[in-house]
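Here is the structure we will look at, set down as structure tokens.
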Amino acid sequence: MTLSRVAIIKVPFDLGAGTRGASLGPDCLLQEAGLTDKLNSLFVPYEIAGEVGVPAIAGTATEAFDPAQLPPNLKHIAEVYAMSDSLAEHVSAAAASGAFPLVLGGDHSIAIGTIAGLAEHYANMGVIWFDAHSDMNTEHTSPSGNIHGMSLGISLGRGYEPLTKLRGICPKIKPEHVAIIGARSLDPDEKQFIRSLGVACYTMHDIDRMGIAKVMDEVIRRMQRETDGVHISFDIDSVDPREAPGTGTPVKGGLSYREAHLAMELLYQSGIATSAELVEVNPSLDQGLKTATLAVELIGSLLGDQIL
Ligand SMILES: NC(=[NH2+])NCCC[C@H](N)C(=O)O
Ligand SMILES: [Mn+2]
Ligand SMILES: [Mn+2]
């Protein structure tokens, strides 16, 4: 793992979700829930390499689109577009500097920008997508119009063109380099898309049957063979709501506390991860700091925290 330096990019943005509050994530993780302390205790050098939130994109948001031309069922598209473009630039610069980009969300729409920035550096990037959902809807299939439910599909080149073509590379990633882990709430069209593309999707059923260690082994091996970098996109709603209640779209039957940690520990041991993002922690829905603290611990495990 390229751990010379972690470049933290804060993305206090929640307009891709149906519920507000994930914008409070970055500061909550870093300060109240102790991420900076955790990184210090692991002797991981880090810097705050940027912040992309609604104030940072104000003014740039609306001019990119003619409101009369906007397609329906893409809520806050102008803001999502401006955030994604700016975030891609930050992430690309961090990767270019040789750092390990660590993006703190925000809702999962931010993956559009993160992956766009990384795609400038990796021709065959792997993406491990921990999520209760597959986020593969388009404006034509989404039941909600919330763009956080479309970000993986957009990265695969499916969906609204200004987003799929963001910064000129389309698609950003290939279906055979993606692994979804923890899925248990898929919309009908998403299921069909996953099947037709042959995307590796380890549902909770698969995890129950195989065990998370075997799943991670399979995924890590494939990524080692076929990719030139691996991005970890971790939606906290992949974890069971008993452990992670502070999130906008909880779904029961998720990863246990130890399954989530073991997955992160195995990724650290493999050394394959070249970037990561942690999304969908919503402090306003949390029980105290329960979910935020879990998120900090999981980042710790991914970056080398060990039991013994
Ligand atoms: N990143 C997330 N939490 N996504 C939830 C998506 C839920 C649902 N599939 C939708 O498209 O609206
Ligand atoms: Mn998600
Ligand atoms: Mn999700």
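The values are calculated or read from the model by the stated rules, or taken from the named source; none is laboratory data. What you are looking at is a predicted structure, and each value in this text was computed from that prediction instead of being measured. Note: ideal-geometry Cβ built from the backbone for every residue, glycine included; neighbour counts use all protein chains shown. Just so you know, the surface numbers come from the protein's heavy atoms only, side chains and all, with ligands and any DNA or RNA stripped out. Shrake-Rupley method; radii C 1.70, N 1.55, O 1.52, S 1.80 Å.
Here are the numbers for this structure:
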| item | result |
| --- | --- |
| Output for segment 228-261, where each listed residue is under 21 Å from residue 101 (Cβ atoms) and open to solvent by 30 Å² or more (accessible area, probe 1.4 Å) | 228 |
| Selected residue [closer than 26 Å to residue 91 by Cα and either free of Cβ contacts under 8 Å to residues at least 60 places away in the same chain or open to solvent by 10 Å² or more (accessible area, probe 1.4 Å) (or both)] from 223, 264 | 264 |
| Residue match in segment 2-23 (condition: within 16 Å of ligand 1 (Cβ to nearest atom), assigned to a helix (DSSP H, G or I) and open to solvent by less than 40 Å² (accessible area, probe 1.4 Å)) | yes |
| Residue match in segment 151-167 (condition: in a loop (DSSP other than H, G, I, E, B) and either open to solvent by less than 10 Å² (accessible area, probe 1.4 Å) or under 13 Å from residue 187 (Cβ atoms) (or both)) | no |
| Where residue 98 falls short, out of the listed (1) among the small types (Gly, Ala, Ser); (2) in a helix (DSSP H, G or I); (3) under 25 Å from residue 169 (Cα atoms) | (2) |
| Residue, nearest to ligand 1 (Cβ to nearest atom), within segment 209-255, restricted to residues that are assigned to a strand (DSSP E or B) and under 16 Å from residue 181 (Cβ atoms) | 235 |
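Here is a yes/no grid of residues against (1) in contact with a Leu (Cβ under 6 Å, 6 or more places away or on another chain); (2) hydroxyl-bearing (Ser, Thr, Tyr):
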residue: 151; (1), (2): no, yes
residue: 156; (1), (2): no, no
residue: 166; (1), (2): no, no
residue: 176; (1), (2): no, no
residue: 182; (1), (2): yes, no
residue: 186; (1), (2): no, no
residue: 203; (1), (2): no, yes
residue: 227; (1), (2): no, yes
residue: 235; (1), (2): no, no
